[in-house]
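As structure tokens, the structure follows; a few thoughts come after it.
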Amino acid sequence: MISFTIDIDWAPEEVIEDTLSLFEKYKVKCTIFSTHYSKVLEVSDKNLFEIGIHPNFNTILSGGARTIDNILDELLFIHPNARGIRSHSMLQSTMFLQKFAERKLLYDANHFLPYQTGIKPFKLWTGMVRIPYNWEDDIHWMYGYSFDSCKLDIEDKGLNVINFHPVHIFLNSESSERYTKAKPYYNYADKLIKFRNTETMGTRDLFISLLEKVSSNGVTSKKLLDVANEYIAGEKG
Ligand SMILES: [Zn+2]
């Protein structure tokens, strides 16, 4: 059982479209945490894709003039149907969690438990559901792991929630060095493509192998909103 998520992190349209087209090709569902308005997201197939929000609160820490409220309100204006949230850099505190709940968000995906098995949703004191996640592309290379395996058994009946970034799928990133070199060209897909890893297994290779496994072995893929709703339904008995 697997839930794919992506944090789009201001990727250009071509890069977002590249990732979405792979999910479409394999007919695998995904929850997208969005940082900005994107036409590609607006017209995306809502049976396959759920859109949550991915606000950047880091600017508050660096002394910016913006507040938690206006950052949340701006993104929810773009994505009024969003029910889920993951903060950029996972930034959170009890005050943030209160603000999320005030906006009637249903769940958050801010709790990272790398490679843990048996992860489960649980209820927070605000009434929101928290769905932990147990894999992320850039953290995988920070551990120094190879991209020939995600090190999780996705055919396991238990929940696995994994997170990719479209830019790393596009670059087939396998290390922070590759990303650092490509980053100055972040907004230009035609330039980014020149930095794509073709030498060793990378994020794109692993992503495609997971999609193949899910579609050919009948592994259940669920959007996080469905995971949250099923948890709530189960709670009510
Ligand atoms: Zn992010």
For residue 27, the aspartates and glutamates lying under 18 Å Cα to Cα, once residues fewer than eight places off in the same chain are dropped, come out as 17, 18, 45, 50, 155, 205, 212, 226
When the chain is treated as a Gaussian network with springs between alpha carbons less than 10 Å apart, the largest mean-square fluctuation among 105, 61, 159 is found at 61
Classified through the alpha carbon gyration tensor (a ≥ b ≥ c as square roots of its eigenvalues; rounded if a/c is under 1.5, else prolate when a/b is larger than b/c, else oblate), segment 92-168 comes out prolate
Note: residue 77 to residue 46 extended length (0.36 nm per residue) minus current alpha-carbon separation gives 9.4 nm
GNM on the chain, Cα springs under 10 Å; top mean-square fluctuation among 65, 101, 109 goes to 65
Subtracting the Cα-Cα distance of residue 24 and residue 155 from 0.36 nm times their residue separation yields 45.1 nm
The alpha-carbon center of segment 133-181 and that of segment 215-236 are separated, in whole Å, by 22
Around residue 73 (Cβ within 14 Å, Cβ-to-Cβ, excluding residue 73; K/R +1, D/E -1) the net charge comes to +1
Among 120/236; 29/181; 181/222; 99/123, the pairs whose Cα-Cα distance exceeds 23 Å are 29/181; 181/222
Note: residue 175 to residue 200 extended length (0.36 nm per residue) minus current alpha-carbon separation gives 7.9 nm
Here, residue 13 and residue 209, labelled 7 Å along Cα→Cβ, have an inter-label distance in nm of 3.4
Semi-axes a, b, c in Å (a largest) for the chain, each sqrt of 5 times a Cα gyration tensor eigenvalue, come to 26, 23, 17
Other residues with Cβ under 14 Å from the Cβ of residue 236 give, with Lys and Arg +1 and Asp and Glu -1, a net charge of -1
In debye to the nearest 20, the charge dipole size for segment 35-180, taken about the Cα centre with +1 at each Lys and Arg Cβ and -1 at each Asp and Glu Cβ, equals 560
Quick calc: nm separation of the 7 Å Cα→Cβ label points for residue 70 and residue 235 -> 3.3
By Cβ neighbour count within 10 Å, fewest first, 103, 204 rank 103, 204
Between residue 37 and residue 187, the two model label points (7 Å from Cα along the beta-carbon direction) sit apart by a distance in nm of 1.6
For segment 1-107, shape from the Cα gyration tensor axes a ≥ b ≥ c, cut at a/c of 1.5 then a/b versus b/c, turns out prolate
Using alpha-carbon positions, the gyration tensor of segment 60-198 gives root eigenvalues a ≥ b ≥ c; with a/c under 1.5 called rounded, otherwise prolate if a/b exceeds b/c, else oblate, the class is oblate
At R0 = 25 Å the Cβ-Cβ FRET efficiency linking residue 104 and residue 220, nearest 0.05, sits at 0.35
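Here, each number is a calculation from the coordinates, and none is a lab measurement. Owing to the predicted nature of the structure, the values given are computational and were not obtained by experimental measurement. Glycine gets a Cβ as well: all are built from the backbone with ideal geometry, and neighbour counts include every protein chain shown.
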